[in-house]
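Please treat every number below as a calculation from the coordinates, not as lab data. Every value quoted in this text rests on a predicted model; they were computed, and no experiment measured them. Cβ: placed from backbone, ideal geometry, glycine included. Neighbour counts: every protein chain shown.
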Amino acid sequence: MRSRPLLQVPVVQVIVRSILFNVLFYLNLTVHLCVALPTLVLPRRAILEVARFWAGTNIWLLRTVCGITAEFRGLDRIPPGPLLVASKHQSAWETFALVPLFADPAFIVKRELMWLPLFGWYAWKAGMIPVDRGARSQALAAIGARALVELARNRQIIIFPEGTRRRPGAEPAYKFGVVHLYEQSGVPCLPVALNSGLFWPRRTFFRYPGTIVIEFLDPIAPGLDKQIFSKLLQQTIETATARLIEEGERPLGAASRQPSEDLLGRSPVSGKPESGQ
């Protein structure tokens with residue numbers, strides 16, 4: 001088990017910044033949910049433009065309030081046209097940060113999110129793809145059929161292959177869904193690695209200053225055997241993610257781990273399996 005270095009930032013400062021950011025984040029979300037109401041009767045592109053603007057304001061808030069910047073690598077590797085995007089998922093950050101980077105993104109999301117007032121309405125309007133996790137094989141068939149429709153519209157399908165946020169360094173837990181979509185769609189798959197969980201950890205409201213790095217890797221051409229694809233995808237994403245995590249940990253300092261980190265919700269990076277969200 002590797003210990004995460006102690007931040008070279010006063011604990012009180014992290015707490016105050018985190019509280020302020022969370023207040024502003026949800027206020028910003030509420031404002032955008034209200035402002036976007038007219039898009040329900042406008043073409044689908046309108047709500048996507050609102051989502052892009054909302055994502056930009058979140059990135060600005062993170063930089064201004066929390067001292068969290070973002071570096072986007074490999075943007076030139078994003079191919080045009082219909083595409084399957086398979087991204088590592090460590091934080092809520094990538095659920096909005098990916099939106100402005102694609103021409104017409106369609107996320108695969110939990111069905112329950114579609115039931116939320118306002119947010120769910122916009123998700124339906126934007127053409128997001130709901131998945132019923134309890135339906136298993138029926139769910140695979142449903143998202144496969146829906147994904148083919150959206151790909152035919154020249155869209156980019158964004159999926160988190162592990163299905164839920166994972167702590168940095170946790171044992172990979174890739175699901176079959178991404179393999180099924182790859183096999184059915186016949187389009188390239190773009191692997192995405194990141195280290196967002198170091199700075200916006202899951203299950204805590206604390207935000208830690210630093211630079212989130214997201215890296216778009218070489219696309220995987222369609223037509224591979226599903227077992228070969230599955231192994232290649234996981235190896236590609238996990239190798240790059242491990243490198244980005246190591247890179248992100250270095251600026252945090254060289255001091256040994258102290259109990260105050262536990263109070264801030266920062267768990268050590270380990271390779272042990274963990275439960276989902």
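Details
- Number of positions in the stretch 26-47 that are without any contact (Cβ under 8 Å) to a residue 40 or more places away in the chain and either of a type in the set (G, A, S) or part of a loop (DSSP other than H, G, I, E, B) (or both): 3
- Residue within the stretch 117-128 that is among the hydroxyl-bearing types (S, T, Y), surrounded by 16 or more Cβ atoms within 10 Å (Cβ to Cβ) and touching a Ser or Thr at 6+ places or on another chain (Cβ under 8 Å) present: yes
- Yes/no for S91 being among the polar types (S, T, N, Q) and either closer than 24 Å to E183 by Cβ or surrounded by fewer than 20 Cβ atoms within 10 Å (Cβ to Cβ) (or both): no
- Verdict on R146 being among the charged types (D, E, K, R), over 28 Å from P201 (Cα atoms), in contact with a strand residue (DSSP E or B) (Cβ under 8 Å, 6 or more places away or on another chain) and touching a residue at least 60 places away in the same chain (Cβ under 8 Å): no
- Scan of the stretch 204-255 for residues that are over 18 Å from the mean Cα position of the chain (by Cα) and of a type in the set (A, V, I, L, M), ordered by number: I220, A221, L224, I228, L232, L252, A254, A255
- One residue from V12, V50, V65 being of a type outside the set (F, W, Y), in a helix (DSSP H, G or I) and without any contact (Cβ under 8 Å) to a residue 12 or more places away in the chain: V12
- Scanning the stretch 225-238 for residues that are surrounded by 13 or more Cβ atoms within 10 Å (Cβ to Cβ) and without any contact (Cβ under 8 Å) to a residue 12 or more places away in the chain yields a single hit, K231.
- Residues located in the stretch 171-203, provided they are of a type in the set (G, A, S) and under 16 Å from the mean Cα position of the chain (by Cα): A173, A193, S196, G197
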